[in-house]
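Q: Here it is, the structure in full.
The values are calculated or read from the model by the stated rules, or taken from the named source; none is laboratory data. On a predicted model such as this, the values are computed, not experimentally measured, just so you know. Virtual Cβ from ideal backbone geometry, glycine too; neighbours counted across all protein chains shown. Just the protein is used for accessible areas: all its heavy atoms, side chains included, with ligands, DNA and RNA removed. Shrake-Rupley method; radii C 1.70, N 1.55, O 1.52, S 1.80 Å.
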Amino acid sequence: SFRSLRSLTSEPSTGRAGHGTFTGLFLITLATLTYQLLLTRIFSVTMYYHFAFVAISVTMFGMAVGALLIYGRPAVFPPDRLQERLAQASLGFAITIVASFLAHLWLPFRPELSLTGVATVVVTYAVLSVPFTFSGIVVALALTRFPQQVSSLYAADLAGAAVGCALLGPLLRVTDAPTGIVATA
């Protein structure tokens, strides 16, 4: 079964992304944007409303860290283990969405000008960026390991993000934001 999954996601002889890679990239970016938008809604309740913009910077920071890990640690992401790393990062993304959200609810948030206040903001920021780091790993691997198909893969990336944005409204009509986070994971 693993061999059939591997053949679905790429063709080892040609180094081309298969349907599974396109689908996976689409779903990861869909979930990434949905989670980011859900966080803006949650931040307006759990933190002061003017901290809602932090969701954008947390997303960008986490995804950049993921891409830097790919660049800085090439031995961890060798071509022969590409499918395994994509699957691991995807699973890590799903698990850490829920874990980081629960940690955010548990952590105190005191945005005041003191050592404790700065520490709570930094820890919250770091914890919430972890899922986006896994997302960044998936996106960076998909876009850099298949250079002949980067245009098509980027189209799948953008389509996933667009669908994620479009699904947020209907999702919030049938559930609340915390439940939406679990559904996104």
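Q: Would you confirm whether any residue within segment 80-87 is of a type in the set (A, V, I, L, M, F, W, C), under 14 Å from the mean Cα position of the chain (by Cα), assigned to a helix (DSSP H, G or I) and within 29 Å of LEU38 (Cβ to Cβ)?
A: For segment 80-87, residues of a type in the set (A, V, I, L, M, F, W, C), under 14 Å from the mean Cα position of the chain (by Cα), assigned to a helix (DSSP H, G or I) and within 29 Å of LEU38 (Cβ to Cβ): present.
Q: Please indicate, with yes or no, whether at least one residue in segment 36-56 is polar (S, T, N, Q) and modelled with pLDDT of 90 or more.
A: The answer is yes; a qualifying residue exists.
Q: A further question on this structure: Need pairs with beta-carbon distance below 8 Å; first residue more than 12 Å from SER135 (Cα to Cα) and within segment 87-101, second open to solvent by less than 50 Å² (accessible area, probe 1.4 Å) and modelled with pLDDT of 95 or more; sequence gap 6+ or separate chains.
A: Pairs that qualify, where the first residue is more than 12 Å from SER135 (Cα to Cα) and the partner is open to solvent by less than 50 Å² (accessible area, probe 1.4 Å) and modelled with pLDDT of 95 or more, are SER100/PRO131.
Q: Another question, if that's okay. Can you tell me which residues in segment 161-177 are modelled with pLDDT under 90 and either buried (at least 18 other Cβ atoms within 10 Å of the Cβ) or hydroxyl-bearing (Ser, Thr, Tyr) (or both)?
A: ALA177
Q: Continuing with this model, one more query. Based on what the data block shows, is LEU113 hydrophobic (A, V, I, L, M, F, W, C), surrounded by fewer than 19 Cβ atoms within 10 Å (Cβ to Cβ) and not in a helix (DSSP H, G or I)?
A: Considered against the rule, which asks whether it is hydrophobic (A, V, I, L, M, F, W, C), surrounded by fewer than 19 Cβ atoms within 10 Å (Cβ to Cβ) and not in a helix (DSSP H, G or I), LEU113 comes out as yes.
Q: Would you mind telling me which numbered condition in (1) modelled with pLDDT of 90 or more; (2) more than 16 Å from PRO131 (Cα to Cα); (3) of a type in the set (Ser, Thr, Tyr) THR32 fails?
A: In the conditions (1) modelled with pLDDT of 90 or more; (2) more than 16 Å from PRO131 (Cα to Cα); (3) of a type in the set (Ser, Thr, Tyr), THR32 misses (2) alone.
Q: Among (1) open to solvent by 70 Å² or more (accessible area, probe 1.4 Å); (2) within 17 Å of ILE181 (Cβ to Cβ), where does ASP80 come up short?
A: It fails just one condition, (2).
Q: Among the candidates VAL182, VAL150, which residue alone is assigned to a helix (DSSP H, G or I), β-branched (Val, Ile, Thr) and either open to solvent by 70 Å² or more (accessible area, probe 1.4 Å) or touching a Gly at 6+ places or on another chain (Cβ under 7 Å) (or both)?
A: Among VAL182, VAL150, only VAL182 is assigned to a helix (DSSP H, G or I), β-branched (Val, Ile, Thr) and either open to solvent by 70 Å² or more (accessible area, probe 1.4 Å) or touching a Gly at 6+ places or on another chain (Cβ under 7 Å) (or both).
Q: I'd like the full set of residues that are more than 16 Å from ILE28 (Cβ to Cβ) and in contact (Cβ under 8 Å) with a residue 12 or more places away in the chain, limited to segment 130-148.
A: The answer is GLN148, and nothing else.
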